[in-house]
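The values are calculated or read from the model by the stated rules, or taken from the named source; none is laboratory data. Everything numeric here is computed off the predicted structure, so don't read it as measured data. Methodologically, a virtual Cβ is constructed for each residue, glycine included, from the backbone with ideal geometry; neighbour enumeration extends over all protein chains shown.
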Amino acid sequence: MAGMALSLCLILAAALQPGLARAPGPPARPGPLLLRLRRLEEQFLRLQEVTLNHLQSIASNYNISYNIDGRFQALAEQAEVADAARAALGAELARLATAGRRLRRRLKKLEETVGALSPPHTQLTHPAAALEAGTKPQGLPDAARSTPSPRRPKTRRWQQHRQEDGQRLLGDARPGGAPGEDEESPGDVAAAPQSMAAVLPTVTTAPQEQPPGPPAPVPTAPACRTGSVLLFPNTSAEHGAVLGLGPHRGLRAVSLCAWLATPARHLGALLSYTTGEGHSELAMHGPGGDRPGSARFILGDGQFRELPVAPLLDGKWHHLCLTWSSGQGQYRFYMDRRLLAAGSGFQQGYEIPTGGSLVLGRGQDGPNMDMGTGEVFVGHLAGLALWRRALLPGEVARMVTGLWLPRGPLLTLADASLQGGVRRVACPCLQHCL
């Protein structure tokens, strides 16, 4: 063992001796093996860097896919919530539809009940007219006597209230009260409570159910103190009445009301308003032809609305009132205080210019007029007035019953100048003029 160690030392000494013996100089060039090892080390470092980058990209892609799964799960939960809300909304809409159907049925029953109660109400509305005519219903008192009432106390109290209302209405129907009634003598006034007592028990009878029908104008007693009556005798185009609308500011609302009676089969040209330049701004006339029961309400540049006027064509007195306002374009057509037609959006924002002429009974030539020469009005016209505002339904009703006339009309029949064969007829009450 010692010999082997000695030999190894000698070999090392022999190997180191040439290097020790040489003088110091520049370092020797590395050998091929060392260069190869260095290149392998550099390649290993580059491989390590590429591998690290690849691992980092794999990790980031994994995070993205994980986030997408979470988003999909959140969207699925939101879709479930939306389906539940949609189902709840559908159930609520079905409940509202059911409630709406029930409400319509209740309203229909209420309309039938109100329609069945309207005849007694009409009798109480004009008791003085029934007394003046000397007519007294006979069928209803007999039915009231023959039909026992199951709730007698309430019926008695109701009868007492109705009798008090009848006494009050009778006081209003005396001279100086509602128009349409002639003055009564003291004996008639003294006998009126007994006649009223005979009429009022008819109200205590429960009315029978009647099927609902189309609305009909409420019968009213013709008014008195309406002024003079204009008579348009025939279809001559020369007949007419002209009213001048002075230089007021433009009309952004208008109401036109009148009493009329016509025996014709169609209304004809009731009125026509044109400006000084000949432009038609306001008109109401029947279209003629195969539609005798309708009339056109024309406003501005030829725009019109159809109005039902068939109840007017019976030769009796009727009260009509037409209102329009520019703000919402609302128009209303009343006949005997009953609303027959209404709408909105008609010439909204329009203003009727003043300074023109209003012709009654016939049309005027103009670019916006579409009327034949034979379309003229035939009949009686009374109480016509024009306001620069839209009258309220209560004002129209009080005007029909003769209790009140709205103040401040722009035009009345007293301002009319007659043409052709139109003439004024003195008439204290309208029922005496036919």
- Note on the structure: Restricting attention to segment 346-368, the residues that are surrounded by fewer than 18 Cβ atoms within 10 Å (Cβ to Cβ) and either hydroxyl-bearing (Ser, Thr, Tyr) or at pLDDT below 90 (or both) number exactly 6
- Can you name the residue in segment 274-330 that is among the hydroxyl-bearing types (Ser, Thr, Tyr) and touching a residue at least 24 places away in the same chain (Cβ under 8 Å) and, of all such residues, is farthest from Leu434 (Cα to Cα)? Ser326
- Kindly indicate whether any position in segment 323-336 is over 18 Å from Leu230 (Cβ atoms), touching a Pro at 6+ places or on another chain (Cβ under 7 Å) and surrounded by 14 or more Cβ atoms within 10 Å (Cβ to Cβ). yes
- Task: Go through segment 219-242 and give me each residue that's over 32 Å from the mean Cα position of the chain (by Cα), at pLDDT below 90 and surrounded by fewer than 21 Cβ atoms within 10 Å (Cβ to Cβ).
- Result: Cys224, Arg225, Gly227, Ser228, Pro233, Asn234, Thr235, Ser236, Ala237, Glu238
- Query: If Leu410 satisfies every condition in (1) farther than 21 Å from Leu270 by Cβ; (2) more than 27 Å from the chain's Cα centre (by Cα); (3) of a type in the set (A, V, I, L, M) but one, which is the exception?
  - Reply: (1)
- Query: Do you know which residues across segment 282-330 are among the small types (Gly, Ala, Ser), assigned to a loop (DSSP other than H, G, I, E, B) and at negative phi?
  - Reply: Gly286, Gly293, Ser326, Gly327
- Does Gly421 count as modelled with pLDDT under 90 and small (Gly, Ala, Ser)? yes
- Query: Could you give every pair whose Cβ atoms fall below 7 Å, whose first residue belongs to segment 331-346 and is among the small types (Gly, Ala, Ser), and whose second residue is surrounded by fewer than 17 Cβ atoms within 10 Å (Cβ to Cβ) and outside any loop (DSSP other than H, G, I, E, B), counting only separations of at least 6 or pairs across chains?
  - Reply: Ala341/Pro308
- Item | Selection count, segment 245-264, where residues are surrounded by 12 or more Cβ atoms within 10 Å (Cβ to Cβ) and of a type in the set (Lys, Arg) | 1
- Task: Hey, can you tell me all the residues within segment 398-411 that are modelled with pLDDT under 90 and closer than 19 Å to Cys224 by Cα?
- Result: Arg398, Met399, Val400, Thr401, Gly402, Leu403, Trp404, Leu405, Pro406, Arg407
- Message: Would you confirm whether or not segment 108-131 contains a residue that is within 28 Å of Asp336 (Cα to Cα), modelled with pLDDT of 85 or more, among the basic types (Lys, Arg) and in a helix (DSSP H, G or I)?
- Response: yes
- Note on the structure: Residue set Leu391, Leu381; condition at pLDDT 85 or above and assigned to a strand (DSSP E or B); output residue Leu381
- Message: Just the residues that are within 16 Å of Gly286 (Cα to Cα) and among the hydrophobic types (A, V, I, L, M, F, W, C), please, taken from segment 301-320.
- Response: Phe304, Leu307, Val309, Ala310, Leu312, Leu313, Leu320
- Of the conditions (1) at pLDDT 90 or above; (2) farther than 20 Å from Ala416 by Cα, Ser272 clears all except one; give me its number. (2)
